[in-house]
1. If you check Glu42 against the conditions, is it closer than 20 Å to Gln5 by Cβ and at pLDDT 85 or above?
2. Residues that are among the acidic types (Asp, Glu) and within 14 Å of the chain's Cα centre (by Cα), at least 1 per element: which helices (runs of 4 or more DSSP H) completely within the chain meet that?
3. Only one of Gly92, Gly58 is on the phi > 0 side of the Ramachandran plot and modelled with pLDDT under 90; which?
4. Could you pull out the residue among Val63, Val86 that is within 16 Å of Ser6 (Cα to Cα) and either β-branched (Val, Ile, Thr) or modelled with pLDDT of 90 or more (or both)?
Amino acid sequence: MPQKQSHDIEKQLEQLRQLVASMDDAAPETRTRITTLITEIEQQIEREPSETSEQHQGLIDNVKESIEHFEADHPAITSTLNQIMVMLANMGI
């Protein structure tokens with residue numbers, strides 16, 4: 001992956017971590033779901049580009065589900081996830 005794309009997505013993931021850390025009223029399941037998603041994204045971007053499209057699609061589905069799940073109660077998280085999703089698409093994931 002190009003250096004700039006890697007840096008940009010890491011920046012967004014760090015922002016997502018900070019949002020999770022600042023969520024005082026969030027249920028433990030919410031924190032776990034977002035933390036797991038961050039880990040999945042990091043693992044995906046570290047994989048070889050030759051990984052199957054099924055793995056890419058699974059990650060994209062998880063991000064989409066999370067966006068739908070958080071959009072009403074956590075708009076900042078939704079916005080960050082949308083940005084990450086665009087970056088993943090630009091990377092061919």
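The values are calculated or read from the model by the stated rules, or taken from the named source; none is laboratory data. Since this is a predicted model, take the numbers as computed values, not measurements. As a convention, Cβ positions derive from the backbone with ideal geometry for all residues, glycine included, and neighbour counts pool all protein chains shown.
1. When the stated conditions are applied, Glu42 passes them.
2. 3-21, 28-46, 53-70
3. Exactly one of Gly92, Gly58 is on the phi > 0 side of the Ramachandran plot and modelled with pLDDT under 90, namely Gly92.
4. Just a single option satisfies the conditions, and that option is Val86.
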